[in-house]
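These notes are about the structure you will find just below.
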Amino acid sequence: MSPIPRLPDGFHWGVATSAYQIEGAVREDGRGTSIWDAFVESPGTIRDGHTADTACDHYHRYPEDIDLMRRLGIDVYRFSISWPRILPSGSGAVNASGLSFYDRLVDALLAAGLTPMATLFHWDLPQELEALGGWLDRDTAHRFGEYAAVAAEHLGDRVKHWITLNEPFEHMALGYGLGQHAPGRTLLLDSLPAAHHQLLGHGIAAGELRDSGAELVMLTNSYSPAAPASGSESDIAAARAYEALHRGLFTDPVLLGRYPDLSAYGVDGAALPFVQEGDLATIATPLDGLGVNYYNPTRLAAPTAESPFPFEIVEFANVDTTDFGWPVMPSGLTETLVSLTEDYREALPPLWITENGCSHRIEPDADGNFADRFRIDYLEAHVRALAAAVDLGADVRGYLVWSLLDNFEWAEGYHQRFGLVHVDFDTLERTPKASFDWYRELIAGQRR
Ligand code: IFM
């Protein structure tokens, strides 16, 4: 096979994680309760009743994990800050011990020559705010702004790269619409206020970060090109409707200052009742980058009579899938990056792939090695797809693999393994997989 094309000079390589999925120590040093701590305790929410009480114990083992990153040769590490570790009630009293964990983490990253990229919200809302309505309540956007100001004031001298929210679509849809994630609400389309209030919180937080001297402020969305199941008008309409909700709802307000056409949902996107004067201007606060999480495209067909949505998600035929059952289709990454570039034009800031990876479980061979060829093939194909998009004019500045470590995969518990590094969840021993060595060599080769 031809060598992987060289990405432009100055291209960044990294890995991504999130607080709740790796930290553990959920009851230590004054951390407050998050919606996920509450959710995992409800019977039947998480496969096999797994919890993230210990997760990868990164809270105590972060020096070892930073050493792994150093060996990998990455230059950017994307992590998230746990809001309830810093503001246990979500607002008001600041927990100095929580802040000092992130001080230690950031200082150790900088000492290892790594650039910290901090995400403020990766789904672990303080439970006390959920009790007040969570993201359905407008006030949560202002509490998020407060939290952003505390984090920026304390860490902003050393952390210059920030992401406000991770995947607000998934948080709205899985958490408030379908009840598969915390906080476990099943409001279907009545979850829309959770989109607006997250976006408003994003805009307020972006302003706070900017004021504190941040150099790179981004929002991260997941993107999944919508493929109609056939050329029929109804399947094409279903794909358009999905795209309006999944891409438009979380990109148009941020980059264009307006909501997309949501008429397929019986909603007037230009007159949403919870949008107040000035909100869209706040949401459209200029950004320095847009984070793109890419895993796979989505195939859509016309809805069945029972569907609450104007689309039905259907499987792709004859396509390899990951352990999660997600189709492996790297061309969707090229399509995502090129279509964002063409559709948003001058409104589009530089792009960063803030997550890409696959769940794949593998047992050690006789020598104790994890020969995860499937992951290597997946990552290699996606790096090629990214390079193809750059050739076609997409301005992409970095690529971060999800994830450094096998970790707590939300409702799937520890069943889905996304790590370049295997974690034994009994002993917490870390063992780099073959994909770790592959990624190290890729990065070294790109820098030569
Ligand atoms: O583990 C998640 C992450 O928290 C958000 N993006 C998708 C990943 C894989 O499901």
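The values are calculated or read from the model by the stated rules, or taken from the named source; none is laboratory data. Bear in mind the structure is a predicted one, so any value in this text is a computation, not a measurement. Backbone-built Cβ (ideal geometry, glycine too); neighbour counts: all protein chains shown. These accessible areas exclude ligands, DNA and RNA; they are computed on the full protein's heavy atoms, side chains included. Shrake-Rupley method; radii C 1.70, N 1.55, O 1.52, S 1.80 Å.
Figures for the structure shown
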{"item": "The stretch 411-434: number of residues that are open to solvent by less than 10 Å² (accessible area, probe 1.4 Å) and among the aromatic types (Phe, Trp, Tyr)", "result": "1"}
{"item": "Residues being touching a helix residue (DSSP H, G or I) at 6+ places or on another chain (Cβ under 9 Å) and small (Gly, Ala, Ser) - total across the stretch 361-378", "result": "1"}
{"item": "Some residue of the stretch 46-54 being touching a Leu at 6+ places or on another chain (Cβ under 8 Å), open to solvent by 10 Å² or more (accessible area, probe 1.4 Å) and within 26 Å of Thr427 (Cα to Cα)", "result": "yes"}
{"item": "Which numbered condition Asp157 misses (of (1) within 16 Å of the ligand (Cβ to nearest atom); (2) surrounded by fewer than 22 Cβ atoms within 10 Å (Cβ to Cβ); (3) within 27 Å of Asp75 (Cβ to Cβ))", "result": "(1)"}
{"item": "The stretch 415-432, residues that are more than 18 Å from Ala16 (Cβ to Cβ) and aromatic (Phe, Trp, Tyr)", "result": "Phe425"}
{"item": "Complete set of residues in the stretch 410-439 that are away from the ligand (no atom under 16 Å from the Cβ), among the polar types (S, T, N, Q) and in contact (Cβ under 8 Å) with a residue 60 or more places away in the chain", "result": "Thr431"}
{"item": "Close pairs from the stretch 354-369: first more than 24 Å from Tyr295 (Cβ to Cβ), partner more than 9 Å from the ligand (Cβ to nearest atom), Cβ under 7 Å, at least 6 apart", "result": "Pro364/Phe370; Asp365/Ala371; Asn369/Ala434"}
{"item": "Residues satisfying the stated conditions in the stretch 66-98, i.e. acidic (Asp, Glu) and more than 20 Å from Thr354 (Cα to Cα)", "result": "Asp67"}
{"item": "Any hit, the stretch 28-40, residues being touching a Lys or Arg at 6+ places or on another chain (Cβ under 7 Å) and within 27 Å of His161 (Cβ to Cβ)", "result": "yes"}
{"item": "Some residue of the stretch 103-122 being polar (S, T, N, Q), buried (at least 19 other Cβ atoms within 10 Å of the Cβ) and out of contact with any helix residue (DSSP H, G or I) (no Cβ under 8 Å at 6 or more places or on another chain)", "result": "yes"}
{"item": "Only listed residue being open to solvent by less than 10 Å² (accessible area, probe 1.4 Å), touching a strand residue (DSSP E or B) at 6+ places or on another chain (Cβ under 6 Å) and within 22 Å of Ala302 (Cα to Cα), chosen from Ala238, Ala227", "result": "Ala238"}
{"item": "Residue match in the stretch 83-93 (condition: out of contact with any Cys (no Cβ under 9 Å at 6 or more places or on another chain) and under 22 Å from Ala444 (Cβ atoms))", "result": "no"}
{"item": "Any hit, the stretch 162-177, residues being in a loop (DSSP other than H, G, I, E, B) and open to solvent by 20 Å² or more (accessible area, probe 1.4 Å)", "result": "no"}
{"item": "Of residues in the stretch 183-199 being in a loop (DSSP other than H, G, I, E, B) and not small (Gly, Ala, Ser), the one least open to solvent (accessible area, probe 1.4 Å)", "result": "Pro183"}
{"item": "Given (1) open to solvent by 10 Å² or more (accessible area, probe 1.4 Å); (2) in contact with a Gly (Cβ under 6 Å, 6 or more places away or on another chain); (3) in a helix (DSSP H, G or I), index of the condition Phe144 fails", "result": "(1)"}
{"item": "Qualifying positions in the stretch 147-160 - in a helix (DSSP H, G or I), more than 24 Å from Ala195 (Cα to Cα) and in contact with a helix residue (DSSP H, G or I) (Cβ under 8 Å, 6 or more places away or on another chain)", "result": "His154, Leu155"}
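For (1) among the small types (Gly, Ala, Ser); (2) free of Cβ contacts under 8 Å to residues at least 12 places away in the same chain; (3) surrounded by fewer than 19 Cβ atoms within 10 Å (Cβ to Cβ); (4) farther than 21 Å from Thr354 by Cα, each residue gets a yes or a no:
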| site | (1), (2), (3), (4) |
| --- | --- |
| Ala305 | yes, yes, yes, yes |
| Pro310 | no, no, no, yes |
| Ile313 | no, no, yes, yes |
| Asn318 | no, yes, yes, yes |
| Thr322 | no, no, no, no |
| Val328 | no, no, yes, no |
| Ser331 | yes, no, yes, no |
| Thr336 | no, no, no, no |
